[in-house]
Amino acid sequence: MKKMIFALTLGAISVGAWAQDNGAEQIARGEYLARAGDCVACHTAAGGTEFAGGLGMKTPIGTIYSTNITPDKETGIGDYAFEDFDNAVRHGIAKNGQTLYPAMPYPSYAVVTESDMRALYAYFMHGVAPVKAANRDSDIPWPLSMRWPLRFWRGIFAPEVKDFRPANGEDPVLARGRYLVEGLGHCGACHTPRSVTMQEKALNNGEGSDYLAGSNAPIDGWVATSLRGDNKDGLGRWSEEELAQFLRTGRNDHTAAFGGMTSVVEHSLQYLSADDATAIARYLKSLQPADPAQPAFKPDDTVAQQLFKGDDSKPGASLYVDSCAACHRTDGKGYTRFFPALRGNPVVQSDDATSLIHVVLTGDTLPGVNGAPSAITMPAFGWRLNDQQVADVVNFIRSSWGNKAPAITAKDVAEVRNDKDVITDPIMLGTPSIDKLHVK
């Protein structure tokens, strides 16, 4: 390793010779880092070849498509020197000099160390098979498609590119977690609210408590939850061990991953070392709540006792018993690390009920992963429950067992159901079409 670092520092050997000499270790390290950064998720189209690009990403001004980052010399990055690769990933500047759309999270990658960048470069150049797949132009109409204004956005909002350095006296484990969260993990890209100019309101905890406080708008029909220490809708009730378990398996005693997070667990987090999962968990647990006034959750068995006695008179209760209780139980506790608890669940208690409405309408599947090989599947109910019924059962869940969250209306359900990012068609969902579409 010392020889490798010395060679890289001096730049005394070519990438090709170095790859033949000490490259295997560096390529393997780059592969691990690419997993940590979940590069495959954005740069792989549904049903496509890994890293060949083509995934459509919707923005308020149109759809952009991820690029081919295999080492194909014509359509990928095969002719990129390290400096070209570094400019794209950390600086947001393409080889042709154009500024990249910030869907590429280069504001987060600005803190990735040069050493890790060189390992990533080694992996993408020598550990990934080249794929000839032409890049697709965005669907953004002119004049919004012009790239030159992005240069000013980058100049105003992108941070200085600077290798991450632990703070003086910082716990090394916590520092490692902070580096992974702020940098390669780019957790803030989804879990931090954005301003009207689309930049994250904070890129690290030093910039304020907005950092990782949860998204302020749905992403693909889901709302990213708070990763801070809030009691109601954050991670305040989770232990470091429970959080590390969730990161690597997508499930723990409190909840199970859903929506876009299932892909992150499947393609990225399950491959973390135990040490890195612990480091991330320790860092996240160090974050103070965004809303310190949130009261601690207090379980309340009143509804559970009512249901045990056969009393389902509370609005939504009978729907819950018929459709939900078999998996989530009448006490809302679910089944440990399989069917998630609804009692005290941060997603259930969030002020924004979009994610809960979405999963009731469409269902979801958390695939089996290392350490948790069984898949967890929730069926869709949107094909047989109308908007008022969904609102009733969601309100029942959000107001039972000690949960205290604002009520929603049938109109709120209709808005989620009609969102183009939310698939409620029973045929598309694989649900037998025993009724007409979308009961209203």
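The values are calculated or read from the model by the stated rules, or taken from the named source; none is laboratory data. The shown structure was predicted, so the numbers you read here are calculated from the model rather than taken from an experiment. Please note: Cβ atoms are built from the backbone with ideal geometry, for glycine as well, and neighbour counts cover all protein chains shown. Areas reflect the complete protein model, heavy atoms only, side chains present, ligands, DNA and RNA absent. Shrake-Rupley method; radii C 1.70, N 1.55, O 1.52, S 1.80 Å.
Looking only at region 217-272, filter to residues that are assigned to a helix (DSSP H, G or I) and aromatic (Phe, Trp, Tyr); which one of those is surrounded by the most Cβ atoms within 10 Å (Cβ to Cβ)? Ranking the qualifying residues of region 217-272, first place goes to 246.
Taken together, the residues in region 347-380 that are open to solvent by 20 Å² or more (accessible area, probe 1.4 Å) and hydrophobic (A, V, I, L, M, F, W, C) amount to 4. In region 296-308, the residues that are surrounded by 13 or more Cβ atoms within 10 Å (Cβ to Cβ) reach residues that are hydrophobic (A, V, I, L, M, F, W, C) and assigned to a loop (DSSP other than H, G, I, E, B) with C-beta atoms within less than 7 angstrom, at least six apart or across chains, in these pairs: 299/401; 300/401; 303/401; 304/401.
Per-residue answers, yes or no, for (1) farther than 17 Å from residue 29 by Cα; (2) assigned by the TED database to the domain that holds residue 55; (3) without any contact (Cβ under 8 Å) to a residue 60 or more places away in the chain:
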{"position": "111", "(1), (2), (3)": "yes, yes, no"}
{"position": "131", "(1), (2), (3)": "yes, yes, no"}
{"position": "135", "(1), (2), (3)": "yes, yes, no"}
{"position": "142", "(1), (2), (3)": "yes, yes, yes"}
{"position": "148", "(1), (2), (3)": "yes, yes, yes"}
{"position": "163", "(1), (2), (3)": "yes, no, yes"}
{"position": "185", "(1), (2), (3)": "no, no, no"}
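Tell me, please, whether a residue that is over 30 Å from residue 177 (Cβ atoms) and either among the small types (Gly, Ala, Ser) or not assigned by the TED database to the domain that holds residue 225 (or both) can be found in region 279-290. For region 279-290, residues over 30 Å from residue 177 (Cβ atoms) and either among the small types (Gly, Ala, Ser) or not assigned by the TED database to the domain that holds residue 225 (or both): absent. For region 368-401, a residue qualifies if it is closer than 26 Å to residue 301 by Cβ, among the β-branched types (Val, Ile, Thr) and in a strand (DSSP E or B), and exactly one does: 376. Residues that are within 27 Å of residue 420 (Cα to Cα) and out of contact with any strand residue (DSSP E or B) (no Cβ under 8 Å at 6 or more places or on another chain) within region 199-222 comprise 199, 212, 213, 214, 218, 219, 221, 222, listed in sequence order. Helices (runs of 4 or more DSSP H) fully within region 145-213 that include at least 3 residues being under 23 Å from the mean Cα position of the chain (by Cα) and not polar (S, T, N, Q): 172-182, 188-191.
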